[in-house]
Amino acid sequence: MKVIQSVKEMQQTVEALRLQGKKIAVVPTMGYLHNGHLSLIYKAADLADVVITTIFVNPTQFGPKEDLDKYPRDLERDKGLAEEAGTDFLFVPTDDDMYPEGYQSFVNVEKLTLDLCGKSRPWHFKGVTTIVSKLFNITKPHYAVFGQKDAQQAFVIQRMTKDLNFDIEIVIAPIIREEDGLATSSRNKYLNPQERIEATILHHSLQMAKDLVDAGERNSSVIIDKMREMIDSTALSKIDYVEIVDTHKLQRVPVIQGQVLIALAVFIGNTRLLDNVIIEINDSI
């Protein structure tokens, strides 16, 4: 595995690989790799001849009171994990290289970013789509692999890729969970032992929602109310949102039909965690 910091060197490297006829897959991350990230790298290795994993803690997607400075970082650990999972090139640019002095260009996907995480973090997706666009232009991949845990992000990137005519296939890989059901996340590190136990309520509430749908419940409000009641029963939780939306426009649906995303964001203590499940129902009329 080769580590590259320079944008120019990364671009020159992928140009040479493309001239050789190599298929390239990129896995964008903010580092502090965990099993969820590694599953994306494994998937990328299945798809392509060359895997590029990127590590960049992107300042433009953090709000002024969010955890940019304390976001977990361990590059030496990440190097070993990335290489073991099948990364060929690890791209680790600096802030100054990605956002040089005088930088003023941004990419914004509008409607899909208004609800869910966009309500409480209105700046977030503009930063995500900007950095992902830049990484696409730098790594020039044929495939880009993202995780379903950040489902809204993945759908927004799919929309951006289509709208801006990036010749890239966006692949969304399944959520990887711990043994107790908690979705893997770099932010799980922030949880103290009691918070870590209570955080499993996210997965339990989604499983309850799925069970209700399997039992025939189709009223979104009924399911959301039951999920909120379950989550509120824990002492350390504070709900940001619980929503049921369609997977195309990410707008709330009153009745579950077709493919829907049941998504939530919950603070456990001071740590904001995401989780979701995608369900497809095609009831005969």
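At full extension, Glu179 and Ile197 could sit 5.3 nm farther apart than now, given 0.36 nm per residue minus the alpha carbon distance. Only Cα pairs under 8 Å and 6+ residues apart enter the sum, and on that basis the relative contact order of region 1-110 stands at 37 percent. Multiplying the residue separation of Arg18 and Gln257 by 0.36 nm and subtracting their alpha-carbon distance yields 81.8 nm.
Take the alpha carbon gyration tensor of region 128-179, find the square roots of its eigenvalues, order them as a ≥ b ≥ c, and report rounded if a/c is under 1.5; if not, report prolate when a/b exceeds b/c, else oblate. Verdict is prolate for region 128-179. Placing +1 on the Cβ of every Lys and Arg and -1 on the Cβ of every Asp and Glu, with no other charges, gives the chain a dipole of roughly 460 debye about its Cα centre. Model label sites at Val222 and Ala235, defined 7 Å from Cα along the beta-carbon direction, differ in position by 3.4 nm. This structure gives mean projected area of the Cα convex hull in nm², computed directly, and of (1) 17.8; (2) 13.2; (3) 15.9 that value is listed as (3).
Each stretch of four or more DSSP H residues adds -39500 (n - 2.57); spread over every residue of the chain, this sum gives -11500 deg cm²/dmol at 222 nm. Within the chain, DSSP assigns beta bridges of which about 55% are antiparallel (rounded to the nearest 5).
Each Lys and Arg contributes +1 and each Asp and Glu -1, all at the Cβ; summed about the Cα centre of region 112-156, the dipole is approximately 120 debye. Using a Gaussian network model of the chain in which every pair of alpha carbons under 10 angstrom is joined by a spring, one finds that among Ile197, Ile231, Ile138 the greatest mean-square fluctuation is at Ile197. Note that region 184-285 carries a Kirkwood radius of 14.0 Å, evaluated over its alpha carbons pair by pair. The rule of thumb for compact globular proteins, 2.2 N^0.38 Å, goes into the C-alpha radius of gyration of region 105-246 1.19 times.
Take the Cβ atoms of Thr94 and Lys249, set R0 to 30 Å, and the FRET efficiency comes out at 0.20.
Taking a point 7 Å from the Cα of Ser105 along the Cα-to-Cβ direction, the residues of region 130-148 with backbone N closer than 16 Å to it are 130-140.
Considering only alpha-carbon pairs that sit under 8 angstrom and 6 or more positions apart, the relative contact order computed for the chain is 17 percent.
No value in this document is a laboratory result; all are computed from the given coordinates. Since the structure is predicted, the reported quantities are computational estimates derived from the model, not experimental observations. Backbone-built Cβ (ideal geometry, glycine too); neighbour counts: all protein chains shown.
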